[in-house]
Ligand SMILES: [Zn+2]
């Protein structure tokens, strides 16, 4: 998977409508510097419609990302399930082209990578924790101190013996 896979070339539009399907895997996240996530599987369908000077892109995302619970560090899967619409205008005006959502009539190529990445981030719950994962389990906090406590107890009992002497 490479960044250019996400370029949609509206010059190639034969029909007014077309749709594109992307199967996102871990490599999707590797393409992003400092990505918030690095694992997941998401199916994305982008339906595009070209009008005279307007392009409408309808996204639907379905899948999950893998992450670690912020509280108990267990591996969890967070569901991704959302829709999004981007409307782009075609123009020849250089000033407008500096703005978002404008594409050059002469070079109508649009990368859906960032909108997809952004949408996945928007779909994430405020807290990445077990309760908000697909399983919705409560956090299972392991108590690694359980064994240590025994050791401490033993040491205390040794001390006690010394004191008793
Ligand atoms: Zn947890």
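The values are calculated or read from the model by the stated rules, or taken from the named source; none is laboratory data. These numbers were taken from a predicted model, which means no experiment stands behind them. A quick note on method: Cβ atoms are made from the backbone with ideal geometry, for glycine too, and the neighbour counts reach across all protein chains shown.
Annotations
- Residue-level analysis places residue 83 outside the set of residues that are more than 16 Å from the ligand (Cβ to nearest atom) and touching a helix residue (DSSP H, G or I) at 6+ places or on another chain (Cβ under 7 Å).
- Note on the stretch 88-147: residues that are more than 25 Å from residue 70 (Cα to Cα) and in a loop (DSSP other than H, G, I, E, B) amount to 11.
- Screening the candidates 89, 79 for the property of being in contact with a strand residue (DSSP E or B) (Cβ under 9 Å, 6 or more places away or on another chain), modelled with pLDDT of 95 or more and within 29 Å of residue 134 (Cβ to Cβ) yields one hit, 79.
- In the stretch 60-78, of all residues being crowded, with 17+ Cβ neighbours inside 10 Å and under 21 Å from residue 112 (Cβ atoms), the one that is farthest from the ligand (Cβ to nearest atom) corresponds to 61.
- The stretch 3-24: number of residues that are loosely packed, with under 14 Cβ neighbours inside 10 Å and within 30 Å of residue 75 (Cα to Cα): 3
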